[in-house]
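Participant: Okay, here's the structure, questions in a sec.
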Amino acid sequence: MAEFLDTLNPMQKEAVLHVDQPLIIFAGAGTGKTRVITCRIAHLLNSGVSPWHILAVTFTNKAAEEMRRRVDALATGQGRGVWISTYHSFGAQFLRVEAKQIGLNPDFLIYDSNDQKHVIKDAVALLNLSDKTYKPSRIAELISRAKDDLLDADSYAIHALASGDNFRQTAATIYEIYQKKLNQAGALDFGDLIMRTVMALRDNAALREKYQERFRYVLVDEYQDTNHGQYLLTKYLSAKHKNICVVGDDDQSVYSWRGADIRNILEFERDYPGCRMIKLEQNYRSTPNILSTAWQVVQRNQKRVEKKLWTQNSEGEPVQLIEARNELDEAQDIVLKVQELVRRYGYKLNDFAVFYRTNAQSRVLEDGFRREGIPYAVIGTMRFYERAEIKDVLAYLKLVHNPHDNVSFKRVVNVPRRGIGKATIDALDKLATEKNCSLWQAMMTTNDKKGLTIFRGIIEELRATKDAHTVKEIAALVLEKTRFVEDIKSEDTIESRSRVENIYELMSAIDEFESRSPDKTLAGYLTQVSLVNDIDEWTEETDRVTLMTLHLAKGLEFKAVFVTGLEEGLFPIGETAFDETNLEEERRLMYVGMTRAKEHLYLTWAAERRVYGKTRWNLPSRFIAEAGLRTEPREPHSESPVFRRGTVRPSATYPERSTHEVELVASVSAPIDGPEDHPGFKINSRVLHQQFGAGKIIDRSGAGDDLKLVVLFDTGQWKKLLAKYANLQTAD
């Protein structure tokens, strides 16, 4: 028996050894699920299963690479033969290999979200619609969700017509034009990578049999994050042998907004009757205090499989609540706490993470760290491959690979400047639409202007020799022929020097790709780059405090974690506080953030916060109460000593609250019921305000003309109102 089996706890070992039958593993945060998956693959290999017959799928390139590295270490010489990838990488490779079988150009490009929005913007303009009403980001979201549900443009149009929704019907027309433009450019978007793969397996029996016979063992990580298309892809591949093992945690399902369906993991037993269920509940990451506090939050959800994490780690410090007067104080408190922990425990800066619900919260936090000279990294904002100069070079590479890429054509046809103006591009656009062809093809039929002649000559020369060069050599030729670097250097600014450094860094990245990737072609490189996501660029090697949204935190761990902005309307965000399904997902997101912490966990909130230029008074998030922490009553603007920072009240003194209520403990003043001269204004009663809308009275003080009410409105905001002048109407 392999030595690695001796390193597993009993439940992990059972999960590794249970083969030849459907298996679902509910793996709680920090319970060693990656170890289980990699050991399971190694066990299959040691049992004589060929690497060719194993498929393992996960959700990030970083996770796939880590899994591949571990398998190779456990089963030397065999691990690299196992197909381990993300769902989208699997789809891209499948479609590239089987392109001719399904009528697809094997040289297809993959459009990222920015490319997608450019095409949608063109489609909206073609219909003479307002891009403020039909925002490209909103339409892109609708199209992506449609493709998750395997609805092509025609199918979506039928659904939209049946709905009677004018916006959806117009969106369906935009979808149709968008798809035609993708086809003209020989491009696929992320949704196509899954949808086209599933449709190919569904409609082509020979292909389905080929891949079902190849992948006799299918393993899926993070199964709770699968959407409908990924769910069906998994089902098609595993249908013949039914040796499917899915690993996930319903308590960490936080991506419904991008199509993930928690029902996939909760209803696995229905899809695979007789499957074995194993729960991994021993945590190796966090202290008991952190686990207990996080469980108090997530256990309030109704749609979950019952489990409770435990650990043999030492008890550790209690979870602490930092209460700040405003967002500036909140940032300063976090900075001071980081400095304190560095002094006390000798932590490095990369031992710290600060999580927030929205990207807009990062600025004040950045300012706080910058003032103190503390290095930090903001993950998920401007990524390396989204920088203008990098996208320009990549656009040239895409045109060398496929000149019909309209998005790349428009991006660099006049970069560096060649005297090609908007009028020329508009004329080409019109001609391409009339001829139903790409901009490149339209350019070939025109009387070329000098700038277009130069541009065409560069692309044609590079395309003629591309097969004789490596990707790095092609990139170097692009820079040489276009004089791209020289053009940027001529600006002679600090920013331009930084942009040149970024281009040199891109060359290093291409060099790294060629040294480690089995597919060293230009198509292979462009595919890899298009599938890079936010978290793939995070690294723990640089000593910096990590700042990121909670949605990017999954799979990471830090010695000290700050979950910030815990205020009603911010986290839980907006109107989700009043929708039970969305509230449960917000609660899972809170749980994800809390369980990233190994030794220290801090929850922070600010009594007032400036949002979009306006100061907003806040109630502490219900998640603070659910975690068993108690806040101090106070006036939002009070300078009173009662306003404490970094304090925690024992949960035993905190009254139990219903998860379905919006009622919260923190209030402007201690509740005092006055004489019943306002009988309708009782705590918990519903009221209407002419300006703020409907809400609920959560606190009252004083009496008669001095009766003051605190109302939590359905927008997530709360207001302290003098009943005499508020003109409130009872709504119950």
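The values are calculated or read from the model by the stated rules, or taken from the named source; none is laboratory data. Keep in mind the model is a prediction, meaning the values are calculated, not measured. Note that we place each Cβ from the backbone using ideal geometry, even for glycine, and neighbour counts take in every protein chain shown. Only protein heavy atoms, including side chains, enter the accessible area calculation; ligands, DNA and RNA are left aside. Shrake-Rupley method; radii C 1.70, N 1.55, O 1.52, S 1.80 Å.
Participant: For the stretch 460-472, in order, what is each residue's ³J(HN,Hα) by Karplus, 6.51 cos²θ - 1.76 cosθ + 1.60 with θ = phi - 60°, in whole Hz (x at glycine and Pro)?
Facilitator: 5, 5, 5, 5, 5, 10, 4, 6, 8, 10, 6, 4, 5
Participant: Would you calculate the separation in nanometres between label points at residue 559 and residue 114, each defined as 7 Å from the Cα along the Cα-to-beta-carbon direction?
Facilitator: Modelled inter-label distance: 3.6 nm.
Participant: Given the rule -39500 (n - 2.57) for each run of at least 4 DSSP H residues, summed and divided by the residues of the chain, what is its mean residue ellipticity at 222 nm, to the nearest 500 deg cm²/dmol?
Facilitator: -13500 deg cm²/dmol
Participant: Then there is this: From the residues 400, 134, 457, which one has its Cα farthest along the dipole of the chain in the positive direction, the dipole being from +1 and -1 charges on Cβ of Lys/Arg and Asp/Glu about the Cα centre?
Facilitator: Positive-most Cα among the choices belongs to 457.
Participant: Can you list which of the trypsin sites (Lys or Arg not before Pro) found in the stretch 106-171 are DSSP loop residues with at most 10 other C-beta atoms within 10 Å?
Facilitator: 132
Participant: Can you tally the net charge around residue 692? Count Lys and Arg as +1, Asp and Glu as -1, for every other residue whose Cβ sits under 10 Å from the Cβ of residue 692.
Facilitator: Overall, the nearby charge balance is 0.
Participant: What angle, in degrees between 0 and 90 and rounded to the nearest 10, separates the Cα long axis of helix 494-516 from the longest principal axis of the Cα atoms of the chain?
Facilitator: Helix 494-516 and the main axis of the chain meet at about 70 degrees.
Participant: Shifting gears a bit: Stretch residue 729-residue 344 to full length: gain in nm at 0.36 nm per residue minus the Cα-Cα span?
Facilitator: 133.1 nm
Participant: Something else now. Starting from the Cα gyration tensor of the stretch 366-424, multiply each eigenvalue by 5, take the square root, and state the resulting semi-axes largest first in whole Å.
Facilitator: After diagonalising the Cα gyration tensor, the semi-axes are 35, 14, 8 Å.
Participant: What is the packing order of peptides 302-311, 62-71, 240-249, taking the mean over residues of other C-beta atoms within 10 Å and listing the highest first?
Facilitator: Sorting 302-311, 62-71, 240-249 by mean packing, highest first, produces 240-249, 62-71, 302-311.
Participant: For the stretch 39-179, what's the relative contact order in percent, using C-alpha pairs closer than 8 Å and at least 6 residues apart?
Facilitator: Relative contact order here is 16 percent.
Participant: Straight distance only, please: which lysines reach the Cα of residue 435 with their own Cα at less than 17 Å, same-chain residues fewer than 8 apart left out?
Facilitator: Cross-link targets: 180, 181.
Participant: When the dipole is taken about the Cα centre of the stretch 1-44, and only Lys, Arg (+1) and Asp, Glu (-1) are charged at their Cβ, what size is it in debye, to the nearest 20?
Facilitator: My answer is approximately 160 debye.
Participant: Any idea how far apart residue 17 and residue 310 come out in nm if each label point goes 7 Å out from Cα toward Cβ?
Facilitator: 2.2 nm
Participant: Additional query: Place the peptides 463-476, 517-530 in order of packing, highest mean first, counting for every residue the other Cβ atoms within 10 Å and averaging per peptide.
Facilitator: 517-530, 463-476
Participant: Size of the stretch 435-490 along its principal axes in angstrom, Cα-based, largest extent first?
Facilitator: Taking max minus min along each principal axis of the Cα atoms, the stretch 435-490 gives 36, 31, 15 Å.
Participant: Any chance you could run the full-extension gain for residue 487 through residue 505? It's 0.36 nm times the residue separation minus the Cα-Cα distance, nm to one decimal.
Facilitator: Roughly 4.7 nm would be gained on extension.
Participant: If you average over every viewing direction, what projected area does the convex hull of the Cα atoms of the chain give, in nm²?
Facilitator: Its average projected convex-hull area is 36.0 nm².
Participant: Among all the aspartates and glutamates, which ones have a C-alpha under 12 Å from residue 62's C-alpha, if same-chain residues fewer than 8 places away are not counted?
Facilitator: Partners within reach: 534, 536, 537.
Participant: Taking H placed 1.01 Å from N in the peptide plane, check which residues at least 5 places from residue 694 or on another chain put their amide H under 5 Å from its amide H.
Facilitator: Excluding prolines and chain starts, which carry no amide H, the hits are 689, 714.
Participant: In sequence order, what are the phi-derived ³J(HN,Hα) couplings for the stretch 316-329 according to the Karplus relation 6.51 cos²θ - 1.76 cosθ + 1.60 with θ = phi - 60°, rounded to whole Hz, with x for glycine and proline?
Facilitator: x, 6, x, 5, 10, 10, 9, 9, 10, 6, 8, 5, 5, 5
Participant: How would you order 410-423, 188-201 from highest to lowest mean count of nearby Cβ atoms within 10 Å?
Facilitator: Put in order of decreasing packing, that is 188-201, 410-423.
Participant: With an 8 Å cut-off on Cα pairs and a minimum separation of 6 or more residues, tell me the relative contact order of the stretch 348-437 in percent.
Facilitator: 13 percent
Participant: Take the alpha carbon atoms of the stretch 137-153, find their center, do the same for the stretch 229-260, and report the distance between the two centers in whole angstrom.
Facilitator: 19 Å
Participant: The stretch 282-402: percent of C-alpha pairs farther apart than 24 Å?
Facilitator: Value for the stretch 282-402 (Cα pairs over 24 Å): 53 percent.
Participant: Skipping prolines and chain starts, which residues have an amide H placed within reach, meaning under 5 Å, of the one on residue 188, given they are 5 or more residues away or on another chain?
Facilitator: 109, 110, 111
Participant: Sticking with this structure for a sec: Which of the aspartates and glutamates could a cross-linker bridge to residue 410, judged by Cα under 15 Å and excluding same-chain residues fewer than eight apart?
Facilitator: Counting by Cα, and skipping residues close in sequence, residue 410 has these aspartates and glutamates nearby: 115, 122, 389, 392, 426, 429.
Participant: Do the alpha carbons of any pairs in 135/430; 279/598; 33/398; 147/520 sit beyond 26 Å of each other, and which pairs?
Facilitator: Checking Cα-Cα distances, 33/398; 147/520 exceed 26 Å.
Participant: For the chain, which whole-number percentage of the solvent-accessible area (1.4 Å probe, protein heavy atoms only) is attributable to carbon and sulfur atoms?
Facilitator: The value for the chain is 49 percent carbon and sulfur by accessible area.
Participant: Here is a follow-up. Roll a 1.4 Å probe over the protein chains and send me the accessible area per residue for the chain in Å².
Facilitator: Per residue, the chain has an accessible area of 43 Å².
Participant: Where q = 0.19, 0.20, 0.21 Å⁻¹, what log10 of I(q)/I(0) comes from the Debye formula for the stretch 168-250, counting one point per Cα?
Facilitator: -0.91, -0.95, -0.99
Participant: Extending each Cα 7 Å along its Cβ direction at residue 133 and residue 464, get the distance between those two points in nm, one decimal.
Facilitator: Going by the 7 Å Cα→Cβ label model, 5.0 nm.
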